[in-house]
Protein chains: 2
Amino acid sequence: MSESYEKFIARVEQLADLGHAQALLSWDQETYMPPRGTKMRARAQGTLAGLEHEMLIDSELVDLVRDLQGEALEGDGAVNVRETARQQKRALKIPAQLVVEMTQTASLAHEAWVEAREKADFSIFQPWLEKILDQKRQVADAVGYEGSIYNALLDEYEPYAKTEEIAALFADLRTQLVPLVEGIAASDRRPAEGVLDRSFDVTLQERFGRGVIADMGFDMDAGRLDVAVHPFCAGTSRDDVRLTTRYAEDWMPGSLFGSIHEAGHGLYEQGLPAEAVGMPAGQSVSLGIHESQSRMWENMVGRSRAFWEHYFPLLQAAFPGVVDDIDLDRFYAAINQVEPSFIRVEADEVTYNLHIALRFEIEVALVEGRLRVDELPEAWNEKMRSYLGITPPDDAQGVLQDVHWSFGGIGYFSTYSLGNLYAAQFFHQAQRDIPDLMEQVAAGQLLGLKGWLNGHIHAQGARLTADQLVREVTGEGLSAQYFVDYLRTKFTPLYGLD
Amino acid sequence: MSESYEKFIARVEQLADLGHAQALLSWDQETYMPPRGTKMRARAQGTLAGLEHEMLIDSELVDLVRDLQGEALEGDGAVNVRETARQQKRALKIPAQLVVEMTQTASLAHEAWVEAREKADFSIFQPWLEKILDQKRQVADAVGYEGSIYNALLDEYEPYAKTEEIAALFADLRTQLVPLVEGIAASDRRPAEGVLDRSFDVTLQERFGRGVIADMGFDMDAGRLDVAVHPFCAGTSRDDVRLTTRYAEDWMPGSLFGSIHEAGHGLYEQGLPAEAVGMPAGQSVSLGIHESQSRMWENMVGRSRAFWEHYFPLLQAAFPGVVDDIDLDRFYAAINQVEPSFIRVEADEVTYNLHIALRFEIEVALVEGRLRVDELPEAWNEKMRSYLGITPPDDAQGVLQDVHWSFGGIGYFSTYSLGNLYAAQFFHQAQRDIPDLMEQVAAGQLLGLKGWLNGHIHAQGARLTADQLVREVTGEGLSAQYFVDYLRTKFTPLYGLD
C-alpha cells in the first residue's frame, strides 16, 4: 500500500467517523431525544455536517485523491478513491455556508412540518419548503448538470441515474398500472373488510414481529428495533444497524410489514462487506438498491401466500382468539387488498407506485420552476384525482403527509419505485437460481433468500453502480416489466381479472 | 460585541457541538448500543476527541483568546475567555505524543485491572499503575504547578482547588468522623436487617422512582431516564439531560436513591443558565459542586425522616403488601444503617467519606513519591483498619475495587467528599433562607428547595469558581463542620449515641 493511500485512508476513516456521529444523532432525534433537545441538536448536526464538508474538501485530501487517481489502483482501493472523488467533486462545488444553512433549515423546517401536518395547514410549511427549494436550486447550480436541473439533486440519492431515464421507466410503469388499478377498482372485492380491523395486543405484535425478523436472519447483537413515529432503518456501521417501527393496536399490518420492510434494509446493512467496513467500498450502492431489499422482503416475501402458509398458523397462535374465524386464503387476500387511498405509506404495492410517480413529477416541476410552491396543494390533488380517482379531504392527508421534503429530501422519492423495479428483477433472478425458493419460504426457511442476497448484492458493497449491479446479477439493465409481470401474476387471480 | 469575540464564540460553539456528539455517543454506548458496535464506536469517539483537541489548540483560536484577554471583557464574555484559556493552556502544554501514550496505556491498564480484580492479584495491575503514575507526573511537569505536584492533576476535575486545602479539610473531617463511626459500630443496632431485603416489582420501582423525580421538578420534556449497568447523568445541553439507573428486584433502595441522586445532577444541568447554553459560562462549576447537588437530594432530602413522612405511605400503596408490616420509623432507620464495609460504592453516607479520605491520601502520597506502588496494598489495608476498623479479605475488595485509576483518573476521588461538604453547607443555608424547608419536604413539596438551588447555584453556571460560589451563597469558605454537624444531628438519635 502506498504512503499516499495510507494517508488517504486515515482521512476517509475520519470522515466515516463523523458520519457515524451524525447517524447516531439523527437516530436519537427520532427515537429517544426529549422534545426540548431539538434546537441544540440542530446546531450540533450543523457543525458536524460542516466539519465533514471541510474535511472532505481539505486541500490535502484533494491532492491525495488526485495523486491516487493517477496511480490506477485496483479493487477496493479504486472504489474508495472513485467514490471519494465523486463526493469531493460535489462538495467542492457547494459552498460550506450553504451546507450549514441547509442542515439548520432542515431541522427547523421539520418542526414546522410537524405542526403544519397536525393542523392540516400547508401555509405553516410553505415558506420553509420555498426556502428548501431555493437552497436546492443553489446546490444544483453550484454542482452543475446536463439535461434537467433535477439530475443534480437525483445524484445525491441515486448516483449515476438520470431524470430522463427514470421518467421513461415511470411512464411505462404508469401506462401499465393505471388499467390494472382501474380493473381492480371496478371489482367489488374488498377482501380486507372485517379481516384486519381487529384489536391486536401491542406487546404481542412486538413479539411476533421480532420473531419474523429473527427468522429473516437479522442479528440483534449487531442491531436494534425501536419505536419511531416515522419508521426508518439507520446505522453507524454493519455492526450497529437500527430498525424502527410503530405499533397501533387496531392496525397490526402496520407494525408487522413495517418491521419486515426495515429489516430488509437492515439485512443489507449487516451484510455489507466486513473487509471494507467504514470505507466507501463498504457502503450500499444507492437508495434504489436499498429499497429493493426492503420491498422484496415486505411484499414479494412478506405478502406472498407461501410466507403465510408458514406464518398464519403462528399468527393465530400468537394472538389467541383474534383471527380464529378466518382462514389462510381470506387473510392472504386481505393483506393484499388494492384500493386507491390518500396516504403513500399505507398504500398497497400496486397503487404505491402511482403515489411515487405523482411525487416525482411534482418535484421535477418544482425544481425546474414549472410549478410554484403555493400551487402545490392543488397540483397534488389534481394528480391524485387523475391517477387514483380520489381527492384528499385535507392537506394533512395530501401534500403534507410525507416527512422527506421537510428535511430537504428533494430527489429521494423516485428511489422507492426504482426499489420496486429492482426488487422484482432481482427476485425473478433469485427464483431462477433457487428453484425451490418459494417452497423454502412456505416452510418458514427464509435464510436461503438471505444468503442469496448476501452473496449477490450485499457483499458487493458499492463496488458496482446500480446499473452495473443489476446487469451483473440479472444479465440485463433495469426494466419495469418484471415488476408489472409480478403484479399481474399475483393480482389477476386475487381480483378475478382476465 | 467585537469581531474577535464573535469569531471566538463561533469556534467555542463548534467545540461545544463536538462535546454534544461525544456525550450522546457515550450515553448510547451505556444504554442502547448493540454489543458488536463497540469497536467502531471507540474509533468514532477517538476521532471526535482528536478533532476537539485540534480545534482547541488551533493557532487562530489561540490568537483570538490572547487578543480577547487583552480586551478586558466583562460578564459572560470574560468567563468564556477565561475558561477556554484554561483548557487551551492545559491542552497546549501536554505533548501530543504523551496524550497518545496515555490513551494506549489506559486501554491496556484497564484490561490488566479487570484481570487483576478477577484474580484478586494486585501484581498484575502494579506495573500499569506505575506507568500511569509516571505519565501523570509528566503531565504535571508539563502543565506546571505551585505547591504539591498533585495540584496539577486535581485541576482537571476540581478547577482552582488546592491539595493542601483539601488535605486540611479531610483531616478535620476524618478526625471527627472516626469517633462517630466507632460509636455507631459499638452499638448493636442493625436496623436494615429484615426490612429492605424484600422483593419489589421492577415495573413498580420504575413508576415510583419516576414519581419522585417528577416531584423534584426534573423536566422530562428536557430529559430522560433510562437503564444502565453503571448509572450516570449525562447530557448534551440543559435542554437534554439524561439520567440512568438500574433496577434489582431484591434491592429497591439501589434504584430509588440512585434515581434521586442522578436527578440531583440532572436538576443542576437543567437549571444552568439558558442565556449561556453551549458556552463555557453555561457549564457546571466542578465535579465537587455537581456532586453536592446529587448528594443533597439523595441523602439530606431522600434519606430524611421528613421526606418519608410523605413518601412512606405512598411506598406502601405503590407496593401492595410488601412493606405493610413495617412503620415509618423502622423504614427510616433501615435506609440509614451505618456499617463499616469494604466497598466504597455500597457505603453509607457516614463511612463513605473515610473511603474517600483514604483514596485521596494515598493518591497524593503516590504522586508526590512518598509511597511506592508496591507498598500500596498494605497502605490501603492499614488505613482501612485505622479508619473503619476492618481489613479487606483480599485486594479485589480492597485496593483493586475502583475502576478510576485504571483509566488514568488520578485526582478524581476527592470530588466525591467535597460534594458532601458543599452539600451540607448549601443545605444549611437553604434551611436558613427557607425556615419551613423540612416541613415542605414532609408535605411532599420539593419545589421550594429546587427553586432555591436553581436561583443560588444552578443559574450561576461557571461564572464563579467553587470557592467563590460557596462564599457568595453561604458567606464563608468551605468547611467540614456543616457536614459533621448534619451527620451528628441525624445519627445520634438513630443510634442512641450521646
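The values are calculated or read from the model by the stated rules, or taken from the named source; none is laboratory data. Note that the structure is a prediction, hence the values are computed from the model and not measured. Positions of Cβ are generated from backbone atoms using ideal geometry, with glycine treated the same way; all protein chains shown enter the neighbour counts. Areas reflect the complete protein model, heavy atoms only, side chains present, ligands, DNA and RNA absent. Shrake-Rupley method; radii C 1.70, N 1.55, O 1.52, S 1.80 Å.
Key figures
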quantity: Among the residues listed as B:Ala116, B:Ala152, the single one being surrounded by 13 or more Cβ atoms within 10 Å (Cβ to Cβ) and closer than 17 Å to B:Val367 by Cα; calculated: B:Ala152
quantity: Answer residue from region B:399-411, given it is under 19 Å from B:Lys119 (Cβ atoms) and surrounded by fewer than 21 Cβ atoms within 10 Å (Cβ to Cβ) and is farthest from the chain's Cα centre (by Cα) among those; calculated: B:Gln401
quantity: Count of region B:326-377 residues which are part of a loop (DSSP other than H, G, I, E, B), within 17 Å of B:Leu177 (Cβ to Cβ) and acidic (Asp, Glu); calculated: 3
quantity: B:Val195 being at pLDDT below 95, β-branched (Val, Ile, Thr) and in the same structural domain as B:His404 (by TED's automatic domain parsing); calculated: yes
quantity: Conditions (1) at the interface with chain B (Cβ under 8 Å from one of its Cβ atoms); (2) part of a helix (DSSP H, G or I); number of the one not met by A:Met33; calculated: (2)
quantity: Residue in region A:220-258 that is least open to solvent (accessible area, probe 1.4 Å), counting only those that are at the interface with chain B (Cβ under 8 Å from one of its Cβ atoms) and out of contact with any Leu (no Cβ under 9 Å at 6 or more places or on another chain); calculated: A:Ala222
quantity: Qualifying positions in region B:178-205 - open to solvent by less than 70 Å² (accessible area, probe 1.4 Å), under 12 Å from B:Phe319 (Cβ atoms) and assigned to a helix (DSSP H, G or I); calculated: B:Val202, B:Leu204, B:Gln205
quantity: Counted residues, region B:121-149 - those being loosely packed, with under 15 Cβ neighbours inside 10 Å, assigned to a loop (DSSP other than H, G, I, E, B) and of a type in the set (D, E, K, R); calculated: 1
quantity: Some residue of region B:59-79 being closer than 24 Å to A:Ala16 by Cβ, open to solvent by 50 Å² or more (accessible area, probe 1.4 Å) and either facing chain A (nearest Cβ under 9 Å) or not in a helix (DSSP H, G or I) (or both); calculated: no
quantity: Lone qualifier among A:Ala16, A:Ala10, A:Ala23 - being without any contact (Cβ under 8 Å) to a residue 12 or more places away in the chain, within 14 Å of chain B (Cβ to nearest Cβ), hydrophobic (A, V, I, L, M, F, W, C) and closer than 17 Å to A:Gly278 by Cβ; calculated: A:Ala10
quantity: In region A:36-45, the residues that are facing chain B (nearest Cβ under 7 Å), more than 23 Å from A:Ala96 (Cβ to Cβ) and open to solvent by less than 40 Å² (accessible area, probe 1.4 Å); calculated: A:Gly37
quantity: Filter pass, A:Thr163 being buried (at least 18 other Cβ atoms within 10 Å of the Cβ), at pLDDT 95 or above and polar (S, T, N, Q); calculated: yes
quantity: Top-ranked residue of region B:427-470 - restricted to ones that are among the β-branched types (Val, Ile, Thr) and either open to solvent by 10 Å² or more (accessible area, probe 1.4 Å) or in contact with a strand residue (DSSP E or B) (Cβ under 8 Å, 6 or more places away or on another chain) (or both), ranked as farthest from B:Glu291 (Cα to Cα); calculated: B:Ile434
quantity: B:Ile335 touching a residue at least 12 places away in the same chain (Cβ under 8 Å), within 23 Å of B:Thr163 (Cα to Cα) and open to solvent by less than 40 Å² (accessible area, probe 1.4 Å); calculated: no
quantity: Number of the exception - A:Arg207 against (1) more than 14 Å from every other protein chain (Cβ to nearest Cβ); (2) within 12 Å of A:Gly266 (Cβ to Cβ); (3) among the charged types (D, E, K, R); calculated: (2)
quantity: So B:Arg198, is it away from chain A (no Cβ under 14 Å) and touching a residue at least 60 places away in the same chain (Cβ under 8 Å); calculated: yes
quantity: Test: residue in region A:457-465 that is more than 19 Å from A:Thr415 (Cα to Cα) and free of Cβ contacts under 8 Å to residues at least 40 places away in the same chain; calculated: no
quantity: Any hit, region A:95-112, residues being open to solvent by 40 Å² or more (accessible area, probe 1.4 Å), part of a loop (DSSP other than H, G, I, E, B) and over 18 Å from A:Gln14 (Cβ atoms); calculated: yes
quantity: Positions within region A:46-58 being within 11 Å of chain B (Cβ to nearest Cβ) and in contact with a Leu (Cβ under 8 Å, 6 or more places away or on another chain), in sequence order; calculated: A:Thr47, A:Leu48, A:Leu51, A:Glu52, A:Met55
quantity: Residue within region B:271-292 that is open to solvent by 10 Å² or more (accessible area, probe 1.4 Å), closer than 17 Å to B:Val212 by Cα and either in contact with a helix residue (DSSP H, G or I) (Cβ under 8 Å, 6 or more places away or on another chain) or outside the structural domain of B:Ile213 (by TED's automatic domain parsing) (or both) present; calculated: no
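Listed here are the residues, each with its yes/no results for (1) β-branched (Val, Ile, Thr); (2) at pLDDT 95 or above; (3) under 19 Å from A:Val301 (Cβ atoms).
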| position | (1), (2), (3) |
| --- | --- |
| A:Gly408 | no, no, no |
| A:Glu439 | no, yes, yes |
| A:Gly444 | no, yes, yes |
| A:Leu478 | no, yes, no |
